[in-house]
Every structure is written in C-alpha cells, then in structure tokens.
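Take a look at the structure below.
Since every read-out is calculated from the coordinates, none of them should be taken as a lab result. This structure is a prediction, so every number in the text was calculated from the model and none was measured. Because the Cβ atoms are built from the backbone with ideal geometry, glycine has one as well, and the counts that use them run over all protein chains shown.
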Amino acid sequence: MRTILSVRRAVLLLSVTLAAAACDKPAAPSGDADAAAASASAAASAAPAAAASSGAQAGASDADASAPSKPTGKTVETPVGLAAEVGDEIRLAGKTIYPPPECPVGGKDGCAKVKALRAGMEGIKLLRHFDGPGGPKSILLLQAMTAGNACNGGPLFFVRVAKDAPPQYSDVFDYCGGPDPMVGAMPDKILINVPAHPPNKGTGIIPAKNMEYDIATGTLVAAAPDKKKKH
C-alpha cells in the first residue's frame, strides 16, 4: 500500500514540475512579431503599387507608339528644314507648326485664328509652296479639313518660314464648299479665288470670293476689285 502511494506522489510531483517548466519558458519577443507583421503588410501593399506603375508605363508606351513620328503625307524641303504632314499635324524640322503650339500675346499675325481652327477641323493638308523672303519654298499654303462631310474642303492660310525666326501665320481664307479654290502666284502676291457658285443646299448664288497674300508683308487681305471696264 505504501509503495502504491509513493508511486502516485512521484507521478504528481513530475506533472507539477513539467507544468512549471512550461510556464517559465520565455515567449517570442513582441518586437519580432510586430516586425514580421509590418513586413507582410508592406509586401502586400507593394504588389498593387508595382502593378499600377507597370500599367501606367505600358499605357504611356502605347500612347507613344500610336503617335506618328514620320511623315504620313506630302513633304516640302524648305530653307528651315523639312515641312511634312505627320498625322493630323504639320511639322517643320521635327517641330509642330500646325496647330501652333502657342501664339504671342498681342501678336499681329493670324496665329490665334489659325490655332482656333483645330476646334472644328481635325485634319490638315500641305497644299502648295512658294518662294518668299525666306528663300525658295519658304511660303506654305495649308488647308484645314474636317473628318466628316460638314465641309467640302476647308479654310486656307499661309505660313511663312525663315531661319532664326518663328513661323508667321496669315489670316484665314474661310472656305467650306463649292468649286475648288484657284491659286495663282505673281511676283509680289499670291491670289486665291473661289468663283460664284450655288450652295450645297437651297437656292441662290454664293458670291465669288477673292483674296491676295502679300509676299513682302505676309498679310492676307481681300483682293482689290477688278477695275476693267465691261463692254
């Protein structure tokens, strides 16, 4: 009997000792746990940020790839460099001159009017070139175009280029349909004429329109009336 009691006491003492040892075992430092949690949170936040950055870079690359950088239409070699149709722009020596990137405040040329054309005219054509004060092929005749059928044709204007000087824009020759404008060059001026014609819709006659571009001054004004006597 005494032997059995002794064994039970030994087992009980052993259990108490093991429990005490478990309680005395030091826990993991709280700082390490916080650092591990912070590291996991940072990694989770970094993944979406990296994906967003990658997406933004891909979008920028796609936009750059969609914008043409080489001529897509007519080109003219001017004293300042190559003038070319590039998509819906006109570029001179690689720099955009239509639409004008900016117009001087209080400028005396037609830059502001030309710039305003882009609001309703999506396209542009390089029609002709002429010799001018800046040298051979230093005067460009451009025509703004619509993407739809609102106009058969579009407004015309001149751009005069010269080395070490910004482009000079003429006033705008408003034109939206009818016979194609007739352009003729003289020693001192360039003439634009649209003969009288019926409207696309309705009745009546749209009067003829004549304007002349002064090569020396770069101005576009209404042509003087014909003084020839009719017989």
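Report, in listed order, any pair from Lys70/Lys95; Lys74/Lys125; Lys137/Lys209; Lys108/Lys209 with a Cα-Cα distance greater than 19 Å. Intermediate values should be presented prior to the final figure.
Values: Lys70/Lys95 12 Å; Lys74/Lys125 8 Å; Lys137/Lys209 26 Å; Lys108/Lys209 24 Å.
Distance filter (> 19 Å) returns Lys137/Lys209; Lys108/Lys209.
Kindly rank 101-109, 174-182 from highest to lowest mean number of other beta carbons found within 10 Å of each residue. Intermediate results must be reported in sequence, preceding the final value.
Details: 101-109: 11.7, 174-182: 14.8.
The peptides rank, most packed first, as 174-182, 101-109.
Can you bin region 83-231 into rounded, prolate or oblate? Criterion: square roots of the alpha carbon gyration tensor eigenvalues sorted a ≥ b ≥ c, rounded for a/c under 1.5, prolate for a/b above b/c, oblate for the rest. All intermediate terms of the calculation are to be shown ahead of the outcome.
On the way: a/c = 2.03, a/b = 1.26, b/c = 1.61.
Here region 83-231 falls in the oblate category.
What number comes out for the charge environment of Pro79, summing +1 per Lys or Arg and -1 per Asp or Glu over other residues with Cβ under 9 Å away?
Numbers: positive: Lys137, Lys163; negative: Glu77.
So the environment of Pro79 carries a net charge of +1.
What translational diffusion coefficient, to the nearest whole µm²/s, does region 91-157 have by Stokes-Einstein, given a Kirkwood radius computed over alpha-carbon pairs, a temperature of 25 °C and 0.890 mPa s viscosity?
For these conditions, the coefficient is 187 µm²/s.
Whose amide H sits under 5 Å from the amide H of Ile206, counting only residues 5 or more places off or on another chain, with H placed in the peptide plane?
Close amide H contacts, sequence-distant or interchain: His197.
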